[in-house]
Structure formats: C-alpha cells, structure tokens
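Presented below is the structure to which this report refers.
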Amino acid sequence: MASRPKLSGIQRQVLALYRGFLRTARQKAPEERHRIEAVVSVEFRENARNVDRRNFVYIEYLLRRGKRQLEQLKNPDITGLSTLEVNK
Amino acid sequence: MLRRTLPALRSVKDGVGGAARQAVKGEAQHFPSLRGHPAARANAREAAEGQARLAAAEEEEERRRGGRPAPAAAAATVKEFQVYRWNPDSPGRPFLQSYFVDLAACGPMVLDVLVKIKSEHDSTLAFRRSCREGICGSCSMSIDGVNTVACLKPVDTDTSRASMITPLPHMYVVKDLVVDLTNFYQQYKSIEPWLKTKRPPPPASAEEAGARGTARGEHRQSPAQRKKLDGLYECILCACCSTACPSYWWNSEEFLGPAALLHAYRWVSDSRDDYGEERVQALAEGWDKMYRCRMIKSCTATCPKSLDPSAAISAMKALHQLRKAA
C-alpha cells in the first residue's frame, strides 16, 4: 500500500465535510440519496479543480457555507436537494 | 427639500408650557416612555445639529460663489465614505472603496447614505437592513470604529474628514458588510429564552373564563415586578455589544457574549419564570460561559439602545455567588 500523503488541517476539514454530506445522504430515500451524492461530488470536484489551494480565505468561506448547508440537510424534515443552472 | 435648520427642541417634555401640562393632566407621569429616553433625545439633537451645520456650510458656499449657479455637486456638502468591500466570488483581498456622497441630497442617517450609494453609485454593495428605525437590529456595522445600527447613527457632517464603514469586528464576512451571525444566534438559543414554569397558571375567575372561553388563567405580574425587566427586554439582538467585547473576540465559541447574557438575566429576573436558579447555575457551571466577562464594559459603551449588559452580567455573577454562599 502506497504511503498516504500527510493531509493539512484544512484538507482534513474539507474531507470531513464531504464525509458528513455522504453520511447524511444515507439517511434519505434511495433516489434522493443518489441525487444528493451526485450534486455534492460535482460541487466538491469542481471547486477542487478551480480554486487555488493557497486561497485559504475563499476555501474557509466555502467550508462555512458547506457546514451551514449540511446542518440544513441533516434536518429530518428535509427530503432532498436539487440545483439550478442560471444562464446569464 | 428637507428643512434643515435647527428645530425648536423645547417642548412639553422639557417642562415648558404649564397650560399644556394641565391639559395632559399628569398622564405623562404614568407613561414615562412618552417623555422620551434621554439618549434618544441626545441622538436627535446630534442629527439636527449636523444637518444645521450642513445648511450653514451650503449657505456659506453660495455666498462665496456670489450667487452664481451651483456646479453639479456642491463641494461644501460632499463627504467621502470609505466602505469595506469583499466579494467571495472574485479573487483578491478585502479593500476600502471610497464613495463621494452629497449630504445635502441625502437623509441624515448612515443607512440613508448606504442606500443612496447602492441605488445610484454601486448596486453591488451588500448590507443588511430592514426597519430603518432601530428596532430590528439588521443594519449593525462598525461606523468610524464604533459598533452601532446604521439607521440610528447620524452622519458626521464634517466634510473634511472621511467616514469609515466596516463590518462588525472579528466576525466572518459573508460579503461586503454582511457578517456570519450563526454562532451569535446559537448562543442566544442556548440560554433557552422562553418562559419555563413549574406550576400551571392560576385558574381564571368565572367571568374571565366566560369571556375567554377557557378556565386557564394568566401568569400575573405586578407593575413593580414588570419594572425589573426594563432595560433588559429592549435588546434587539443587533450583536453590536458582543462584537465590541475583546473577551468575545478571543473566545467566541465558549463565551456567550453580553447580548446572550443580558437575555439570560432578563429571564432570570422575570417573576413568572420558575427556573431562575437553574438558569444561573447552568451559566456558571461551564466556567467560560459567563465568567469570561472581565468587566471591560465595551458593550455598555457601544449599545445603540443605551442598555447596560455589563450591569446585568455583574448582577448575575452576584446572584450566583450569593446562592453559593447560602
């Protein structure tokens, strides 16, 4: 097994947030679970590609936003989420 | 055009006019709120004086011009405002952007200036606002280094100095002047700001039950007991005091902050609430929740509603110590 790279604190936070979303998705209905996982993984991968890894201010802002969205998703009354593309 | 000369501030409330007082027949003594809070009257005086100074400067400028037609924006009444800007979507660090506003064509308060900037100069400026009368607590921000609500802060009409408008200090910024207050609200929620009783209310008398359709009565309170809540219930949760407290800056997770503690004391001193002792115990148990207050009194100095959170916190500390001794 290849040696795992040492993750920085902020990388661990991002991964913990991702894990939180996947765990919360497990609590919802099966079709919604797939949609949530798709939306969340797309968002995380896009940001991982586009955001400069040294731009801590923006990453921390995205983390705070993600944590708030995760708290909302954890609410049992919320059944799912969806996204909307706005073309300017 | 606004009438900006200094209005006559002497009124019935100042004790002028015996005839007027006779007409009121001493009712004002039973309603102290009609007399007006001294801090509110001082604020109004400051706003009126500022506007009068502005009118004087405008007249001075016109006299110097010798009656010639005025240029587009009269230089005497234009003031520079340096506003904190940061957009999470665009790269780069936060910066102060300067806007030049003609105070003669704008309302007297800082919120009027911000609305004018947003509507005429730059619509991308983000700030919270709602009631424009100092009761909702949305527009709280740091104006010239002092935390207040923008709708109650008169503009300093000295046009030679720039005014600096920044978001509440030591708070995560969402965009421009909007800050993240979720931690603040969680702390308010954690003190359980609702009535908790051990007994049901006393049953209503027969006629009350008939009128209301139920035998369940009310939790009654005498005027003396209600007076204990004055100075505590008026808090609008604007977060000005908590964000002015250095102890809250360094420990915002553990320390509840003056606003939440003021509300905790409001529930402790409410005679209808039966869990006063337990509330104080809960606050004092976690050493950080209340005892991180170091009597800095920055909260009292900055409160836009002229409340006294530090006195409330001292009172609660005293209550806890006395109950421990008893």
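Annotations
- Residue in the stretch B:80-95 that is in contact with a strand residue (DSSP E or B) (Cβ under 6 Å, 6 or more places away or on another chain) and farther than 30 Å from A:Arg64 by Cβ present: yes
- Helices (runs of 4 or more DSSP H) completely within the stretch B:236-315 that count 2 or more residues being among the hydrophobic types (A, V, I, L, M, F, W, C) and buried (at least 19 other Cβ atoms within 10 Å of the Cβ): B:258-268, B:276-285
- Considering the stretch B:83-195, the qualifying strands (runs of 3 or more DSSP E), each wholly inside and each with 1 or more residues that are among the basic types (Lys, Arg) and either modelled with pLDDT under 95 or surrounded by 17 or more Cβ atoms within 10 Å (Cβ to Cβ) (or both), run over B:173-175.
- In the stretch B:164-207, residue nearest to the other protein chains (Cβ to nearest Cβ) [restricted to those that are without any contact (Cβ under 8 Å) to a residue 60 or more places away in the chain and among the acidic types (Asp, Glu)]: B:Asp180
- Here B:Leu232 meets each of (1) part of a loop (DSSP other than H, G, I, E, B); (2) open to solvent by 50 Å² or more (accessible area, probe 1.4 Å); (3) in contact (Cβ under 8 Å) with a residue 40 or more places away in the chain; (4) not small (Gly, Ala, Ser) with one exception, condition (2).
- Residues within the stretch B:188-227 that are touching a helix residue (DSSP H, G or I) at 6+ places or on another chain (Cβ under 8 Å) and among the acidic types (Asp, Glu), tallied: 1
- From the list B:Glu234, B:Glu208, B:Glu253, the lone residue that is of a type in the set (D, E, K, R) and under 20 Å from the mean Cα position of the chain (by Cα) is B:Glu234.
The values are calculated or read from the model by the stated rules, or taken from the named source; none is laboratory data. Remember, predicted model here, so these are calculated numbers, not experimental data. Cβ atoms come from the backbone with ideal geometry, glycine included; neighbour counts cover every protein chain shown. When the accessible area is computed, the model is the full protein with side chains, heavy atoms only, and any ligands, DNA or RNA have been set aside. Shrake-Rupley method; radii C 1.70, N 1.55, O 1.52, S 1.80 Å.
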